[in-house]
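Q: Have a look at the structure that comes next, please.
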Amino acid sequence: MLVLRGIASPFDNDCLRYESTLGDGGELKSVVRSFERHQSPESLASEWDALADRTTAPPFLRPGWVAHFCAAFGVRGLEILAVRRDGRLTGVVPVRNEGGVLWSITNWHTPEFAFVAEDDEAVEDLAAAVFDGGKRRVSLQFLNPANPDFAACRERARHRDHRVIVRTLERPPYVRIDGDWEAYESTVDGKIRR
């Protein structure tokens with residue numbers, strides 16, 4: 001698991017972007033992309049849950065978990081960063097904004113931190129929302145390096161001239177075995193098996 005940290009540069013993204021592209025048939029297609037900040041999970045809970053269902057997000061990336069986590073651990077400065085495309089919620093990331101630092105909503109009881117995003121474009125938009133906010137530091141803990149949000153955050157941080165520090169926070173213990181479990185277990189001292 002990882003920590004990404006950086007020193008932020010000034011905020012320069014708009015809250016609303018219009019894009020026009022040519023469709024397959026040569027027709028002009030317009031897309032409206034918007035960025036939002038919410039103060040509580042309840043303000044977009046049903047849409048967030050629907051997005052989590054579409055993306056098969058685990059329980060700890062859903063609004064109910066975030067609300068209970070914040071209540072249990074006294075989290076202040078909660079911000080839900082959300083991105084929309086043509087009015088449809090396409091990405092969400094809960095963060096804590098405290099003392100000029102943007103923190104992930106995590107602690108040692110959190111299995112993983114990730115963006116809830118329906119596609120790579122939403123991941124890129126969320127990374128922009130996180131790193132273009134003018135914070136002097138961003139600390140995202142328990143990001144999985146195998147997920148696209150890790151690469152997007154690293155790239156966006158570098159793009160914004162942040163100093164990036166990546167640290168492995170924990171490695172799950174495991175024992176490599178050849179064959180099946182019973183064959184391995186027969187090689188282990190009886191005191192260890194108990």
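Q: Taking Gly77, is it open to solvent by 30 Å² or more (accessible area, probe 1.4 Å) and touching a residue at least 12 places away in the same chain (Cβ under 8 Å)?
A: Details: open to solvent by 30 Å² or more (accessible area, probe 1.4 Å): yes; touching a residue at least 12 places away in the same chain (Cβ under 8 Å): yes.
So Gly77 fits the description; yes.
Q: List the strands (runs of 3 or more DSSP E) inside region 87-194, counting only whole elements, that have at least 2 residues being at pLDDT 95 or above.
A: 88-98
Q: Here's a follow-up. Check Ala52, Ala8, Ala45, Ala57 and return the single one that is at pLDDT 90 or above, touching a Lys or Arg at 6+ places or on another chain (Cβ under 6 Å) and surrounded by 10 or more Cβ atoms within 10 Å (Cβ to Cβ).
A: Every option except Ala52 fails the conditions.
Q: Taking region 146-164, which residues are open to solvent by 50 Å² or more (accessible area, probe 1.4 Å) and either hydrophobic (A, V, I, L, M, F, W, C) or over 18 Å from Ala57 (Cβ atoms) (or both)?
A: Ala146, Ala151, Arg154, Glu155, Arg156, Arg158, His159, Asp161, Arg163
Matching residues to (1) part of a helix (DSSP H, G or I); (2) not hydrophobic (A, V, I, L, M, F, W, C):
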residue	(1), (2)
Asp24	no, yes
Ser30	no, yes
Glu36	no, yes
Ala45	yes, no
Asp49	yes, yes
Ala57	no, no
Phe60	yes, no
Ala67	yes, no
Ala71	yes, no
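Q: Check off (1) among the charged types (D, E, K, R); (2) surrounded by fewer than 21 Cβ atoms within 10 Å (Cβ to Cβ); (3) more than 15 Å from the chain's Cα centre (by Cα) for Lys135 and give me the number that stays unchecked.
A: Of the numbered conditions (1) among the charged types (D, E, K, R); (2) surrounded by fewer than 21 Cβ atoms within 10 Å (Cβ to Cβ); (3) more than 15 Å from the chain's Cα centre (by Cα), the odd one out for Lys135 is (2).
The values are calculated or read from the model by the stated rules, or taken from the named source; none is laboratory data. As the structure is a prediction and not an experimental result, all values here were calculated from the model. For neighbour counting, all protein chains shown are included, and Cβ atoms are generated from backbone atoms with ideal geometry for every residue, glycine included. For the accessible areas, the whole protein counts, side chains as well, though only heavy atoms, and no ligand, DNA or RNA atoms are used. Shrake-Rupley method; radii C 1.70, N 1.55, O 1.52, S 1.80 Å.
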